Amino acid sequence: MSSVLYDLPGPAARRRAQIGSAVGAVVVAGLLALVLWRLIDRGHFSEQRWEPFADPDTWNAIGEGLVNTIKAAALAIVLSLVTGVLLAAGRLSDRSYVRVPVVTVVEFFRAVPLLMLIFFFFLASPSTLGSYGALVAGLTLYNGAVLAEIFRAGILSVPRGQSEAAYSLGLRKTQVMGQILVPQAVRAMLPALISQCVVVLKDTSLGFIVVYPELVRTGRQIYDSYFNIIPAVIVVTAIYVSMNMSLSWLAGWLERRTRQRSDQPVLSAADVDQGAAV
Amino acid sequence: MEILLDNIGKILEGFQVTLILFAGGTVLALVVGTVLASMRVSPVPPLRLVGATYVNVVRNTPLVLIFIIVVFALPELGIQFSFRLFAILAVGAYTAAFVTEALRSGVNTVQAGQAEAARALGMTFGQTLSHVIMPQAARSVIPPMGSILIALLKNTSVAAGFGVIEATGTLRELGRDFPQALYWLFFGIALGYVVLVLLVSAVFRQLERRLVVVR
């Protein structure tokens, strides 16, 4: 924590901080109370609006939505891992006739909005792909390009001495890659990969726009039938936040552990976040 | 190809809306992000808590859900704007969380001696932050800020699902009307995005060259 920004508080500063805390707390509580009061005033916390969540059918529907979300995310992650490996291999190639086209493809898919890819696939073949196929195809191409960059950064993060030593022992390029660089890079990349999973999980919600029945769409169905948008939004947000926070925590824990156990380089989860699309 | 050229006016109009959303979202995200980042490093615990909660909740919520909250739940509070303004609010509020995190990590890269010197001169926390720390922190986070704003530019496309016809929405409309020209339309509009992304990154490369502090 950047406690260097302020002195160890003396009595006067402590008093000021306490007053500041009190005022801050009052302002925050006041704002919250204002919002809550307006919501209560409009009956958003009435029993009738929350009642659907006492019904097991509602939770079954939410469960189904969650399963659909995870189904799309899981398939997209697996496919984009494969795409990412292929693209990264192409980008790291020594031959420019392989490298240049691959760089173009990667940069193209990183620059185009994911929703546009999804619309494209959806409009290109609505009958064969459907909303699920279009969603997965879009996610795969976009995240494949992002993962390719992560893989490349991971490979390049391994100290040069490692590949130099391997080459001087007479290993070929594929052997250096497969036996020396990749095993070390995987450990460095693991936190970044998990962070990317969070991004994919969030991005599946774009399926909402092409009417794929994932979690956000389920929430909408609930509030369309019970007119309880506030409770529905609170529940759906809570599900997403708890799911993604646990994954982010796992990524952070892996990163710290890798840092502690070795002097190996680690790609920080934050490196990925910044490239995050949605 | 002809259909793409015939509709170039419509497509450019779409990109105009994209740029409006991008500009509005950028201003909102930078302002809110700076305020929240100051709160996150402040000596007042409730403010720190508010900053941290905002970042953790918003970063882990899908943008689509934030759009739903803004577009459908804010009217329940009696707040009603145009779809365009709602879209700016949604992308701005979402991006603000990422700006906050970037600035906070920037604050941590400023050398301790800078803050100590400022305090030794008798500056208060607010003065230290606004005159000494933040200007240096902002410079050190120019590269990540570029990625964040590029993500913001692409994220404006989500507005297409919420009543705003910007570039991506134009693809959907034209793609429905002229399915035979879908490929041309897709690559035409994609090219527009590629150009915008390249422009933003060129601007940030210039900024970096001019402003970055070398340590």
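The values are calculated or read from the model by the stated rules, or taken from the named source; none is laboratory data. If you're wondering where the values come from, they're calculated on a predicted model, not measured in any experiment. Cβ: placed from backbone, ideal geometry, glycine included. Neighbour counts: every protein chain shown.
A few comments on the model shown:
- Taken over region B:65-82, the criterion of being loosely packed, with under 14 Cβ neighbours inside 10 Å and more than 10 Å from chain A (Cβ to nearest Cβ) is satisfied by B:Q80, B:S82.
- Residue in region B:35-49 that is at the interface with another protein chain (Cβ under 7 Å from one of its Cβ atoms), within 19 Å of A:N244 (Cα to Cα) and not in a helix (DSSP H, G or I) present: no
- Any hit, region B:157-164, residues being surrounded by fewer than 18 Cβ atoms within 10 Å (Cβ to Cβ), at pLDDT 90 or above, farther than 11 Å from B:I11 by Cβ and among the aliphatic types (A, V, I, L, M): no
- Residue count, region A:195-211 (criterion: more than 8 Å from the chain's Cα centre (by Cα) and either more than 9 Å from chain B (Cβ to nearest Cβ) or not small (G, A, S) (or both)): 6
- In region B:83-114, residue surrounded by the most Cβ atoms within 10 Å (Cβ to Cβ) [restricted to those that are within 11 Å of chain A (Cβ to nearest Cβ) and more than 21 Å from B:R48 (Cα to Cα)]: B:V91
- Candidate set from region B:21-56 (those that are farther than 19 Å from A:V27 by Cα and surrounded by fewer than 17 Cβ atoms within 10 Å (Cβ to Cβ)); member that is farthest from the chain's Cα centre (by Cα): B:N56
- Taken together, the residues in region B:165-215 that are more than 8 Å from chain A (Cβ to nearest Cβ), crowded, with 18+ Cβ neighbours inside 10 Å and charged (D, E, K, R) amount to 1.
- Among the residues listed as A:R16, A:R49, A:R42, the single one being more than 10 Å from chain B (Cβ to nearest Cβ), of a type in the set (K, R) and surrounded by 11 or more Cβ atoms within 10 Å (Cβ to Cβ): A:R49
- Among the residues of region A:119-136, those that are within 15 Å of B:Y183 (Cβ to Cβ) and buried (at least 21 other Cβ atoms within 10 Å of the Cβ) comprise A:F119, A:F120, A:F121, A:F122.
- B:P75 being under 25 Å from A:A29 (Cβ atoms) and outside any helix (DSSP H, G or I): no
- Given (1) more than 12 Å from chain B (Cβ to nearest Cβ); (2) among the acidic types (D, E); (3) closer than 30 Å to A:G154 by Cα, index of the condition A:E107 fails: (1)
- Boolean, A:G144 is touching a Ser or Thr at 6+ places or on another chain (Cβ under 9 Å) and free of Cβ contacts under 8 Å to residues at least 24 places away in the same chain: no
- From the list A:I150, A:I155, the lone residue that is away from chain B (no Cβ under 13 Å), over 18 Å from the mean Cα position of the chain (by Cα), more than 20 Å from B:A190 (Cα to Cα) and part of a helix (DSSP H, G or I) is A:I155.
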